[in-house]
Structures are given as C-alpha cells and as structure tokens.
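Structure, as structure tokens:
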Amino acid sequence: MINGPTEALPGNRTSGKKAVLSTIRNSAPVARIDIANATGLSPATVTSITADLILRGLLEEIPPEPAFSPANANTKRGRPRVNLQLRGAAHLVAGIKFSGKTTTLVIVNFVGTRVAEYSVPTPFDVQTAQQTCDFICTTLWQGLDKNGYSISDLSGVGIGLPGIVDALEGIIRWSPTLSERDVPLRDMLQSTLGINVFVENDANLVTLAEQQFGLGKTARNFIVITIEQGVGMGIVIDGKLIRGTNGSGAELGHTKVQLDGALCRCGQRGCLEAYVGDYALLREANSIMTNPKSEQFHHPTSTEIRMQKLVAEARDGNLIALSIFRRAGRMFALGLANVINIFAPELIILSGDRMQYDFLYDADVIEDMRNSIVQFGGPPPDVRVHKWSDHMWAMGAAAYAIEGVINTELQGVKKNVV
C-alpha cells in the first residue's frame, strides 16, 4: 500500500502529472493554458498529461459557454476556452477526526464535496492502540452503513488525531489519546479495512482545511493555532505545509514558557499547554478554589462540563476564576508572540473547540502579544478566529486522503490492496 501523501515523485512525467493535478485541484475550473502558466510546463505537455488523466477518469472537461448568444451577438469571440476540473465521481474518500471527546466522520467525493457525515462520542479519554484501531474501524463501518455506503466504495481514508504523528511512516509517536508510543496505526487500520489509510496530526489537517476551504485560501504564509484539550499548530510557508522531521515540528503546545514550571501531560514541565489546556485550567481550579460552590471542579464529571462551570464562575465575577483565565491568556500571548517573532506570518488563524471562550483572544491577550513582538517595517499579522466544527476538521482529513489517493493513482497502485 502507499504509505501516505509524499513529496514530488521521481521522474519528470510523474512530477508533471502531480503539478497539473495540484493546479487543477487548487484553481478549478481552469483552462489548459492557465495550467501551463502556473506549472511552467509547455502547453503541449499539459495537453498530453490532461488527455491521459481524462482517459483515466480523474479529470473532466467543463463545456464552454456558447459561442453565440443574444447578449454577445455584436461581440467577436475566438475559440472558447475549455476548462478542466477533477471528476467528482472518480473516487469517494472518508475523513475522520479522532479525539478524546468525539470522533467525527465525513465522506466526500474527489472534488471535496461532502456527501455524508457521522459522529459518535469517543468512549475513553485514553485508549490502547488496539482499542483505538477497533473503535475507528467500527465508527467508519457504522457511518458508511448509516449513509448507504460500504467500505468497497472508498478509495482511502484520512485520520487526524492529536500528538506527534510521523505521517510518511504512518506512526503515532505520541498522542494524549493513546496509552502507548510509536504506534503503527496506519498499518493496523489498513490490515483491518483493506484500503489505503493516511494518518496525520489534527492541527496539520485543520491547516490543510483552511488552505483548501477557509481563511488561508489567499495567504501564502500563515499559521493555524488550535486550542482544544491541548494546543496545536500548523505552519504554511510559501504555500507549503511544514511538518518537521518525522512530523515532530510545529508543537507549539510543548514549547517552554516557564523553566521548571507546571507539569504537562507529555511528561515535561513548563510547556505552554500546561498553562492553557483544559486539564491545566481545571487542575489549577481544583487546587485553589475550595469554597463549597467550587467543589464541582473536583467531581468526576466530563472535562466539558467542568470547563463550562469554570467559565461561568469567571463570568459571574469570581476573582480566582478570572485570575486563572487571565494567567492562561498571558501565557498564550507569549506563545503567539514567539510564533510571530520566528515566522513573521501574514495571518494567524485561531481555531478549535475552545474558541467558544474568548479569554484566549480578547483585547488584553492581543495587546500583550503586540507588546512582546519585534516590530520593524510593518504592522503585526492579522489574528482571526475561525470556529471550525469537528466536521470541518474531518474535512481536512478528507482533503489529505484526496491528496493520498492522487499519489496512489500516479504511482499506479490499486486501491484495495493490502
């Protein structure tokens, strides 16, 4: 099986096909001459490549506008341009966002149009590798069946989960949702499902979703920072997603903001996440809020319910709760400033479930950020909040699966081969 979306493949012909498909995917509908201009390939090469891709059923032509109509009766026109786009019916893929709270599935066609969706609560905050594999497979089968599909209808599935993910090797090096490290999750899933599986860090996938469908469509250099139970980051430089060696880059949540500071769930101390993540805020609330009303933070209810109660306390004017959020905001502003000082992006997008709480992006946080960055020759980057639903995170996983299926097609590997 293909190991996942890869860099440009060897051989001018294959690289040319990938460049053509990428251009069409990002700019469709688009004419052949525009593809040639965008890729640097000759018009004759583009014509040859697109003819082959049409023959293989991956592309389709969009009929040109009529050469004559009453509206343009007095206008001379040359030969109408024929535009191209991916053929939506060529493939179906699934995208899954797996987290400790909810697992969400979308099914999309080859152009990324959503045709079905499904979500279920995740039964455990932390699971073994085999439990995770079994749960993802069961969720996929159930979602397909509910929407009238079967596994044989799919050409691939993309999986996004938090942690350090070696996407090329398909190995989860570490995840807060897994009780083990170095889990070969891609191979485990492929063995069970019998189709190509592509795994990736969930923050990288929401970054791909922003690039394909969201606020990043017009930006060449932008950063996505996700705040859910932890803190993630996706980096796009010159239009390309930056992962780092073995997928270990862009771990903003595990950058250090306090020497020998609070304990992080990764096992180290002083990480940004240890001051901003849900568990960090609730841990502090448990340790210092001891009046009868705040005993609710000690009860074994869900993280979501306890967070809602803590926010309600702050909004009701509880000074201790307010101080917890204010410190988290200052730490987060420091993390934002560090990102800006290193990358100088044109845009920062804040996303994730915690965007429903404004304590991480209120005016004080943005002002603290601006006071901590080096400003020479221009304004600070625009900081925008995009409240993606879990379905849109799953759309990022589906977009990644489409990329993987494209590489599968280019390498000539059939879809249901284990």
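All of the numbers you see were taken from the coordinates with simple rules; none came from a lab. In this text the structure is predicted, and so the values were computed from the model without any measurement. Glycine gets a Cβ as well: all are built from the backbone with ideal geometry, and neighbour counts include every protein chain shown.
A few comments on the model shown:
- Cα gyration tensor shape for region 157-208, rounded if a/c is under 1.5, else prolate or oblate: oblate
- Residue ranges 41-50, 171-180, 202-211 sort as 202-211, 171-180, 41-50 when ordered by packing (mean number of other C-beta atoms within 10 Å per residue, highest first).
- Charged-residue dipole, Cβ positions (Lys, Arg, Asp, Glu), the chain about Cα centre, Debye nearest 20: 1020 debye
- Most mobile of Tyr400, Tyr361, Tyr275 in a GNM of the chain (Cα contacts under 10 Å): Tyr361
- Among Glu284, Glu273, Glu403, residue whose mean-square fluctuation peaks in a GNM of the chain (springs only between Cα atoms under 10 Å): Glu284
- Nearest-0.05 FRET efficiency for Val82 and Glu180, computed from C-beta distance (R0 56 Å): 0.60
- Residues with amide H under 5 Å from that of Leu59, placed H, sequence gap 5 or more: Ile54, Arg87
- Of the trypsin sites (Lys or Arg not before Pro) found in region 204-273, the ones in coil according to DSSP and having at most 12 other Cβ atoms within 10 Å of their Cβ are Lys217.
- Leading residue at positive end of dipole, the chain (Cβ point charges), from Gly16, Cys271, Asn341: Gly16
- Farthest toward positive dipole pole in the chain [+1 Lys/Arg, -1 Asp/Glu at C-beta], among Ala398, Asn246, Asn318: Ala398
- Residue order for Thr139, Thr255, fewest other beta carbons within 10 angstrom first, comes to Thr255, Thr139.
- Whole-percent pair-distance distribution, where bins are 20 Å wide, for the alpha carbons of the chain: 25, 51, 21, 3, 0
- Comparing Thr132, Thr103, Thr113 in a Gaussian network model of the chain where C-alpha atoms under 10 Å apart are linked, the largest mean-square fluctuation is found at Thr113.
- When Met233, Met395 are sorted by how many other C-beta atoms sit within 10 angstrom of their C-beta, beginning with the fewest, the order is Met233, Met395.
- Here the 3J(HN,Hα) profile of region 382-387, calculated from phi with Karplus coefficients 6.51, -1.76 and 1.60 at θ = phi - 60°, is 5, 10, 10, 9, 10, 8 Hz, Gly and Pro shown as x.
- Restraint check, Lys217/Lys256; Lys17/Lys146; Lys101/Lys309; Lys146/Lys309; Lys146/Lys240, Cα-Cα greater than 26 Å: Lys217/Lys256; Lys17/Lys146; Lys146/Lys309; Lys146/Lys240
- Calculated from backbone phi, Karplus (6.51, -1.76, 1.60) coupling profile of region 253-268 in Hz, x at Gly/Pro: x, 10, 6, 8, 10, 8, 4, 6, x, 5, 6, 9, 5, 6, x, 9
- Its relative contact order, with pairs defined as Cα atoms under 8 Å and 6+ residues apart, puts the chain at 18 percent.
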